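Heads up: the structure comes next, in structure tokens.
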Amino acid sequence: MSGIGPVEPGEDTYHHPRAPLTGATPVRARLTVPARHRRKAALAAAATLTAGAGVYVLGAPEPPPAPPPPWPSQVVGFNYAGASAEADRAGAFTFDISISTEPGRRVTIDDITQPSAALAVSTRPSTPFTVEPGGSRKVLVTVYVLDCGEVPRNAGLPFLDVTLRNERAVQKQSRILGGGYPEDLGAAIEKACDRPAP
């Protein structure tokens, strides 16, 4: 360039071979993706969504576990129902007890015994037996005097040892029967051994 003056356009400044001609509709370029690549892309997108959902589910907090069922001793009750009307045997005391359970709680009575070696116990029905949920069961208990010289005459006399079982555990415990049971049992032992209690 030489001289002074405005810069003028050079050759082909206004006409480019790729530029649309005046009055022509512009052609838009179209991206074409082969079908196999589209399938792969769709599968990859689906896998990403599935993985994301899995992470969300795995990351969600778990609900707290259900509390364990109660111990069998917490849902069962023993009530002394008095001396039985059945015939009394010499050296034995027969009485009724009522065993009840809370609604929704089944308890099996595996054994009923007495802590003293000088006494023996039998039941009808014989153990083991089950008390249905919310139910009550009458049990006939007979205490036999085996040895008058060793029979207890103290506060340990009123106890019955019971073995209870439910879906949570097996429990052994001593039960004190009220309602006149200690006095009735003491009188029966006194009669069986033919000597008054001290």
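The values are calculated or read from the model by the stated rules, or taken from the named source; none is laboratory data. Every value quoted in this text rests on a predicted model; they were computed, and no experiment measured them. Neighbour counts run over all protein chains shown; Cβ positions are idealised from the backbone, glycine included. Surface accessibility is based on the protein's heavy atoms, side chains included, excluding ligands, DNA and RNA. Shrake-Rupley method; radii C 1.70, N 1.55, O 1.52, S 1.80 Å.
Brief remarks follow.
- Extending 7 Å from Cα along the Cβ direction at residue 138 and again at residue 46 yields two label points whose distance is 7.1 nm.
- Geometric descriptor of region 74-145, per residue, is 84 Å³ (volume of the convex hull of the Cα atoms).
- For region 77-196, the C-alpha radius of gyration divided by 2.2 N^0.38 Å, with N the number of residues, is 1.07.
- Under Karplus coefficients 6.51, -1.76 and 1.60, residue-wise ³J(HN,Hα) of region 180-186 in Hz, glycine/proline x: x, 4, x, 5, 5, 5, x
- Under the simplified labelling scheme, the residue 98-residue 146 pair shows an inter-label distance of 3.2 nm, with each label point 7 Å from Cα along Cα→Cβ.
- Per residue, region 108-198 exposes 52 Å² of accessible surface when a 1.4 Å probe is rolled over the protein heavy atoms with every protein chain present.
- Counting heavy atoms of the protein chains alone, residue 131 has an accessible area of about 0 Å² for a 1.4 Å probe.
- By a 1.4 Å probe calculation restricted to protein chains, residue 176 has an accessible surface near 110 Å², given to the nearest 10.
- For region 81-130: relative contact order, % (alpha-carbon pairs under 8 angstrom, 6 or more apart): 28 percent
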